[in-house]
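Student: Below is the structure I would like to discuss, written out as structure tokens.
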Amino acid sequence: MSGAEAPVRIDGRTARAERTRAAIVEAHLALISEGDLRPTGERIAERAGVSLRTLWTNFKDMETLFEASGAEVLRQQDAAHRPISPTLPLARRVDAYCRQRARLLQLIAPSARAAQMREPVSDQLHRNRLVHVARVRDEVEHLFAVELAAAGAGRKQLVDAIVAASMWPAWSMLRDGLGLGVDAARAVMSRTVGALLTEVAPG
């Protein structure tokens, strides 16, 4: 065996391992999307076409699988996200923001429902949620910077209110609790976010 061959074989093993991990994550998310909100290791392994031993070789426990699946959900959101110009008039920014939030929340709905069930006993799912919150907060602070600056001492409270109105728990209440369709739920979100920002919008 020549020295030049070894790196190729190592790279091949690494690529296979990455494909296996990706297949397991895909299987996990697919089962959740189909309504199996608490899939077992056995069901995930069967769906991925691997042995249970292979599953736990690649992921030492469910927490590490939750981490990888959470990263994939974020990647999907990033792929679907479209930047909104902060120079647009307030009404257009609010409309574009709420349309995008509705679309992204629908995208993650199965994963969010599954996470909601297990988060009380999962530190990783809690960390995953905090990442989502931080990303929405960053977008709110960028997109509505002018209005937030006008809020003065009430800035943090205003940001918190907009973020709360834009996250999964509020969306779940509108869709699942009140039984609203996507368009009606988005309209409520838009009305809420718009009212909060109009209060402080510069004249």
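Student: Semi-axes of the equivalent ellipsoid of the range 138-191: what are they in whole Å, largest first, if each equals the square root of 5 times a C-alpha gyration tensor eigenvalue?
Tutor: 25, 10, 8
Student: At residue 34 and residue 77, where each label point lies 7 Å from the Cα along Cα→Cβ, what is the point-to-point distance in nanometres?
Tutor: About 2.6 nm separates the two model spin labels.
Student: Now for a separate question. May I ask you to give the percent of accessible area on the chain that is carbon plus sulfur, with a probe radius of 1.4 Å?
Tutor: Looking at the chain in its full context, I get 56 percent from C and S.
Student: So, counting K/R as plus one and D/E as minus one, what does the shell of residues with Cβ under 14 Å around residue 77 add up to?
Tutor: Result for the local shell: +2.
Student: Right, next: Can you give me the distance in nm between label points at residue 117 and residue 51, each placed 7 Å from the Cα along the Cα-to-Cβ direction?
Tutor: So the two model labels end up 2.9 nm from each other.
Student: Just the number, please: Stokes-Einstein D of the range 7-157 in µm²/s, Kirkwood Rh from C-alpha pairs, 37 °C, 0.692 mPa s.
Tutor: Calculated translational D: 186 µm²/s.
Student: Same structure, new question: With an 8 Å cut-off on Cα pairs and a minimum separation of 6 or more residues, tell me the relative contact order of the chain in percent.
Tutor: 19 percent
Student: Shifting gears a bit: With everything on Cα atoms, drop me the angle between helix 5-33 and the longest principal axis of the chain, reported from 0 to 90° to the nearest 10.
Tutor: Taking Cα atoms only, the helix is inclined about 50 degrees.
Student: Just reorder 193, 200 by solvent-accessible area, largest first, 1.4 Å probe, all chains present.
Tutor: Largest accessible area first, the list is 200, 193.
Student: In square nanometres and to one decimal, what's the mean projected area of the convex hull around the Cα atoms of the range 72-201?
Tutor: With the hull built on Cα positions only, its mean projection is 7.9 nm².
Student: Mind pulling the angle between the C-alpha long axis of helix 155-166 and the longest principal axis of the chain? Nearest 10 degrees, somewhere in 0 to 90.
Tutor: Long axis of 155-166 versus the principal axis of the chain: about 60 degrees.
Student: Hey, got the dipole for the chain? About the Cα centre, +1 on K and R Cβ, -1 on D and E Cβ, debye to the nearest 20?
Tutor: Roughly 180 debye for the chain.
Student: Per the helix-only calculation at 222 nm, which mean residue ellipticity applies to the chain, given -39500 (n - 2.57) for every DSSP H run of n ≥ 4 and division by its residues, nearest 500 deg cm²/dmol?
Tutor: After summing the helix terms and dividing by the residues of the chain, the value is -25000 deg cm²/dmol.
Student: Still on this structure, I have one more. Could you size up the charge dipole of the range 137-185 around its Cα centre, putting +1 on the beta carbon of Lys and Arg and -1 on that of Asp and Glu, and report it in debye to the nearest 20?
Tutor: Dipole magnitude for the range 137-185 comes out near 140 debye.
Student: Quick check: residue separation of residue 130 and residue 99 times 0.36 nm, minus the Cα distance between them. What number comes out in nm?
Tutor: Result for the pair: 9.0 nm of gain on full extension.
Student: Now for a separate question. What is the local net charge at residue 198, summed over the other residues whose Cβ is closer than 11 Å to its Cβ (Lys, Arg +1; Asp, Glu -1)?
Tutor: -1
The values are calculated or read from the model by the stated rules, or taken from the named source; none is laboratory data. Note that the coordinates shown come from a computational prediction; the quantities given were computed from them, not determined experimentally. Here the Cβ is made from the backbone with ideal geometry for all residues, glycine too, and neighbour counts use every protein chain on show. With ligands, DNA and RNA removed, areas are computed over all heavy atoms of the protein, side chains included. Shrake-Rupley method; radii C 1.70, N 1.55, O 1.52, S 1.80 Å.
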